[in-house]
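Please read the structure below before turning to the comments.
Please treat every number below as a calculation from the coordinates, not as lab data. Owing to the predicted nature of the structure, the values given are computational and were not obtained by experimental measurement. Using ideal geometry, Cβ is built from the backbone for each residue, glycine included, and neighbour counts are taken over all protein chains shown.
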Amino acid sequence: MKTYRILQAKQDDFPVILSMIKELALFEKAPEQVINTVEQMNNEQNLFKCLIVKNNDSEIIGFALYFYAYFTWVGKSLYLDDLYVKPEYRSKGIGSSLLDEIFKIAKKENCKRLRWQVLNWNKDAIKLYERSGAFIDNEWSNCDYNYEQIKKF
């Protein structure tokens, strides 16, 4: 019997989601890089979608934030930006269930690609993704500009 349920996030959930985004950034050794705010999420909510996981006490214990992208080689795609489960709820199948839901959405939306990133040192996540059949590409490198760099360019 599942002790959790997966739902589409609502605007009222943004504060908890943002706190988990900050937890994830801390885990990824980059907490100073989170500049997002609840206000910004409210203003930009048409740009993303988010699944949340609630336990039996209706506490949000995980999320998967995604958006649609267009890749020239394949067309409409789903980009999974973050998948996070609070540490005390890991290894209970919640991450796999979130990934299953993401796949259902990608199929329903006729996406030609489902893409996300994983840090090369996050061995537990890599194992989960490989078990699901994901191809882990070590050939491409990220190219990023932060907000200040964009303004200066």
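Taking the number of other C-beta atoms within 10 Å as the exposure measure, put SER97, SER19 in order starting with the fewest.
Working: SER97 19, SER19 12.
Starting with the residue having the fewest Cβ neighbours, the order is SER19, SER97.
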Give me, ordered by chain and number, the residues 5 or more places off GLY93 or on other chains with an amide H under 5 Å from its own placed amide H. none
In whole angstrom, and with the biggest value first, how far do the Cα coordinates of the chain range along each principal axis? 52, 35, 31
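Exceeding 19 Å between C-alpha atoms, which entries from my cross-link table qualify? They are LYS22/LYS108; LYS29/LYS92; LYS49/LYS107; LYS49/LYS151; LYS104/LYS127. Could the numbers behind the result be given before it?
On the way: LYS22/LYS108 30 Å; LYS29/LYS92 24 Å; LYS49/LYS107 16 Å; LYS49/LYS151 27 Å; LYS104/LYS127 21 Å.
Check vs 19 Å cut-off fails for LYS22/LYS108; LYS29/LYS92; LYS49/LYS151; LYS104/LYS127.
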Evaluate the distance, in nm, between pseudo-label points positioned 7 Å from the Cα of GLU109 and of ASN146 along their respective Cα→Cβ axes. 2.9 nm
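When the Cα atoms of the stretch 97-151 are enclosed in a convex hull and the volume is divided per residue, what value in Å³ results?
On the way: hull volume 7.7 nm³, N = 55.
Enclosed volume per residue, from the Cα hull, is 139 Å³.
Just from its helices, what would the mean residue ellipticity at 222 nm be for the chain, if runs of 4 or more DSSP H residues each count -39500 (n - 2.57) and the sum is divided by every residue, rounded to the nearest 500 deg cm²/dmol?
On the way: 5 runs with 50 residues, N = 153.
So the calculated ellipticity at 222 nm is -9500 deg cm²/dmol.
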If you plug each phi of the stretch 142-153 into the Karplus form 6.51 cos²θ - 1.76 cosθ + 1.60 with θ = phi - 60°, what whole-Hz ³J(HN,Hα) values come out, in order, with x for Gly and Pro? 6, 10, 10, 10, 7, 4, 5, 5, 4, 4, 7, 4
Phi to ³J(HN,Hα) by Karplus 6.51 cos²θ - 1.76 cosθ + 1.60 over the stretch 78-91, Hz, x for Gly, Pro: 10, 10, 8, 7, 9, 10, 9, 10, 4, x, 6, 10, 6, 6
Computed label-point distance, nm, for sites PHE27 and ASN120 using a 7 Å Cα→Cβ extension: 2.1 nm
Given the options ILE21, ILE105, ILE35, which has the most mean-square fluctuation in a GNM of the chain, springs set between C-alpha atoms less than 10 angstrom apart? ILE35
The stretch 93-153 and the stretch 26-50: distance between their alpha carbon centers, rounded to Å: 17 Å
